[in-house]
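What follows is a short report on a single structure.
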Amino acid sequence: MENIEIVRVLDEVADLLEIQQANPFRVRAYRNAVRTINAHATPLRKLVEQGADLTELPSIGKGMAENIRELVGSGRLAMLDEMAAEIPAGLVELMRLPGVGPKKARKLWDELGVESIDDLEEVASEGRVAELPGFGLKTQDRILRGIRNYRTNTTRFRLGEVDKLLPPLIEHLQATPGITRLEVAGSYRRRKETVGDIDLLVLADDARAASDALVGFSGVESVIGAGGTKTSVRLRSGLQVDLRVVPPESWGAALIYFTGSKEHNIRLRRRALERKLRVSEYGVFTIPEESLGDALGERGIASEGEMVAGATEEDVYRALDLSWLPPEIRRDRGEFPASDAGELPHLVERSDLRGDVHMHSTWSDGRVSLETMVEACAARGYEYMAITDHSKALAMVEGLDAAKLRRQWDEIAEVQAAHPEIRILRGLEVDILRDGSLDLEDEMLERLDVVIISVHSFLGLDRARQTARVLKALAHPRSMIFGHPTGRLINRRGPIDVDIDDILHACAEFGVAVEVNSHPHRLDLKDSHLWRARELGVSVVVATDAHRPDHLDLATYGIEQARRAWLTPEHVLNTRGVDDFLAALRRKPAS
């Protein structure tokens, strides 16, 4: 069992304890354990196998260590099974909806007999939720919207989740004798924000041995089908994995086909036909003259001619007069004419970033000190970084008011003197208040190097009011970067209701950059919005919103999101040196 799976179980225990109204300290013990495991790079299964003392980890006591060992050993937790027998499992699922915490989930169960999302949708549609004390019509409407969003998204896994689930499986398969090559294809390879299932392609001396290796993986919960060159399983996490054994001569063609996208592949087939060729997952073939009519009429092909390419992706694309196309842009969104014209973009890369300018420290809700974050940025070779703790409106995280901000600046000066290897910029993530004003006095805003404006409250405003609020904030002369602009949490919370095109036009008008928030729970803005930003000439900042040092590595996800929108280093402000970066943040005159 992997760390992400252990976390899910312990989180569910904490949720059930809250529904049971258990001792808050007991609930907190599980929440703290989850935070520890999330921050721990080494798989706990390895520590268990090595006989390590898990209680040496922060917030892991003897009882929690026993829970972890039980999970690693059996894949189950008896305590959770006992709790689930007393409380419907669906109540935990209810807590994934906006506006439904443990107390409300319990009340819905006690008062209306709600045990599942389906039950809740039924009683809410009948208006019965609004009648409960503490709920009301607005909460009921929010719950119904949340259910629709939940059903749309929860069949897919966040990219970051899959990145944690896959390595043990890949490691297991690569250790199998006879498997000589392995590649993950599909939307995962295109680095889409969410993944429905996994397509694994392998070269293997023995297809049966490869199939047996997948079926024998310890994380497999059930076998969907096994035989021939394709095997499908479902992991304990619910993720489906399809493994295909591919012949070497077809490797490149199969990799293109199973990487997709569907639109890209359709365009590729049409392009092949224009050249009297046929392309499939098996390769690129000539079309015999007698079959050409059938092929052009898309009625199939009576017979196949000579195979002209297939072993590598480069060969397949070359046979169709194309340059090799990065997986992130395979969407039939201009990549074909760009290749024909020799104008494929030089997409931004992780190594292009010269600084990260959105992160938090213990001055607000970060996990480590300001100096620790500075040291972590310097260790990653950054030329500069900005500490951007929260402003005072977020009282729950002890955001910074003017007095506290001045004290932070004193510490920044001290840390800067001790770390001349990196430039520390003074920043703040400033809340956009309900009326569109900014949560800091202008005099203090003037003294900041980096001002990120963000929406954290009043997320349920209607489109007109939400858009007007944001537009007013963007017009403020000290607004520099619009942080996580839609406020979405993938698979958990939909975006705020704003006219994104109006917002991006305003960013262009006022010279405000938009953020690609790199956290895989956010990836905000999404790629289609970034595409529009590029069209409008809006600059982009790729930042991590890091709350601890390892979060800085999430920049890779932001870069991948930027690549899907065809962004180059010229579009991303923090690929520039510090002086050019700061100059770019200065306001342009309104047109």
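Computed quantities for the displayed model
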quantity: Residue within region 414-424 that is assigned to a strand (DSSP E or B) and surrounded by 19 or more Cβ atoms within 10 Å (Cβ to Cβ) present; calculated: yes
quantity: Among (1) part of a helix (DSSP H, G or I); (2) under 19 Å from residue 192 (Cβ atoms); (3) small (Gly, Ala, Ser) - the single one residue 238 does not satisfy; calculated: (1)
quantity: Filter result (of a type in the set (Lys, Arg) and surrounded by 15 or more Cβ atoms within 10 Å (Cβ to Cβ)) within region 97-133; calculated: 104, 106, 107, 128
quantity: Filtered residues of region 522-537 (kept if surrounded by 21 or more Cβ atoms within 10 Å (Cβ to Cβ) and touching a Leu at 6+ places or on another chain (Cβ under 6 Å)); calculated: 533
quantity: Given (1) within 30 Å of the chain's Cα centre (by Cα); (2) on the phi < 0 side of the Ramachandran plot; (3) not basic (Lys, Arg), number of the condition residue 409 does not satisfy; calculated: (1)
quantity: Evaluation of residue 324 against (1) in contact with a His (Cβ under 6 Å, 6 or more places away or on another chain); (2) more than 23 Å from residue 551 (Cα to Cα) (one fails), failing number; calculated: (1)
quantity: Residues within region 95-107 that are assigned to a helix (DSSP H, G or I) and more than 12 Å from residue 18 (Cβ to Cβ), tallied; calculated: 1
quantity: Total residues in region 431-442, condition more than 18 Å from residue 586 (Cβ to Cβ) and either touching a strand residue (DSSP E or B) at 6+ places or on another chain (Cβ under 8 Å) or not in a loop (DSSP other than H, G, I, E, B) (or both); calculated: 4
quantity: Options 87, 19, 37; residue that is surrounded by 15 or more Cβ atoms within 10 Å (Cβ to Cβ) and within 29 Å of residue 548 (Cα to Cα); calculated: 37
quantity: Filter result for residue 505 (surrounded by 20 or more Cβ atoms within 10 Å (Cβ to Cβ) and modelled with pLDDT of 95 or more); calculated: no
quantity: Counted residues, region 318-337 - those being crowded, with 17+ Cβ neighbours inside 10 Å, in a helix (DSSP H, G or I) and free of Cβ contacts under 8 Å to residues at least 60 places away in the same chain; calculated: 1
quantity: Qualifying residue in region 171-188 (condition: in a strand (DSSP E or B) and either in the same structural domain as residue 85 (by TED's automatic domain parsing) or more than 28 Å from the chain's Cα centre (by Cα) (or both)); calculated: yes
quantity: In region 338-361, the residues that are of a type in the set (Asp, Glu) and assigned to a loop (DSSP other than H, G, I, E, B); calculated: 343, 349
quantity: Count - residues of region 49-77 that are within 21 Å of residue 25 (Cα to Cα) and either touching a strand residue (DSSP E or B) at 6+ places or on another chain (Cβ under 9 Å) or assigned to a helix (DSSP H, G or I) (or both); calculated: 10
quantity: Residue satisfying condition, being within 22 Å of residue 169 (Cα to Cα), in contact (Cβ under 8 Å) with a residue 40 or more places away in the chain and touching a Lys or Arg at 6+ places or on another chain (Cβ under 8 Å), within set 239, 214, 255, 203; calculated: 203
quantity: Residue 567 vs. criteria over 11 Å from the mean Cα position of the chain (by Cα), in a loop (DSSP other than H, G, I, E, B) and either modelled with pLDDT under 95 or not β-branched (Val, Ile, Thr) (or both); calculated: yes
quantity: Qualifying residue in region 211-223 (condition: within 22 Å of residue 280 (Cα to Cα) and either at pLDDT 95 or above or in contact with a strand residue (DSSP E or B) (Cβ under 7 Å, 6 or more places away or on another chain) (or both)); calculated: no
quantity: Looking only at region 193-222, and only at residues there that are assigned to a strand (DSSP E or B) and among the small types (Gly, Ala, Ser), the one that is nearest to residue 527 (Cα to Cα); calculated: 222
quantity: Qualifying residue in region 447-467 (condition: polar (S, T, N, Q), crowded, with 17+ Cβ neighbours inside 10 Å and within 22 Å of residue 584 (Cα to Cα)); calculated: yes
quantity: Odd one out for residue 26 among (1) surrounded by fewer than 16 Cβ atoms within 10 Å (Cβ to Cβ); (2) within 25 Å of residue 238 (Cα to Cα); (3) of a type outside the set (Val, Ile, Thr); calculated: (2)
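Yes/no per residue for (1) at pLDDT below 85; (2) out of contact with any Lys or Arg (no Cβ under 7 Å at 6 or more places or on another chain); (3) on the phi > 0 side of the Ramachandran plot:
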{"site": "35", "(1), (2), (3)": "no, yes, no"}
{"site": "46", "(1), (2), (3)": "no, yes, no"}
{"site": "65", "(1), (2), (3)": "no, yes, no"}
{"site": "70", "(1), (2), (3)": "no, yes, no"}
{"site": "102", "(1), (2), (3)": "yes, yes, no"}
{"site": "112", "(1), (2), (3)": "no, no, no"}
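Residue-by-condition table, conditions (1) among the aliphatic types (A, V, I, L, M); (2) touching a residue at least 40 places away in the same chain (Cβ under 8 Å):
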position: 543; (1), (2): yes, yes
position: 548; (1), (2): no, yes
position: 552; (1), (2): yes, yes
position: 556; (1), (2): no, yes
position: 565; (1), (2): yes, no
position: 579; (1), (2): no, no
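The values are calculated or read from the model by the stated rules, or taken from the named source; none is laboratory data. This is a predicted model, so every value here is computed, not measured. Quick reminder, even Gly has a Cβ in these numbers, built from the backbone with ideal geometry, and neighbours come from all protein chains shown.
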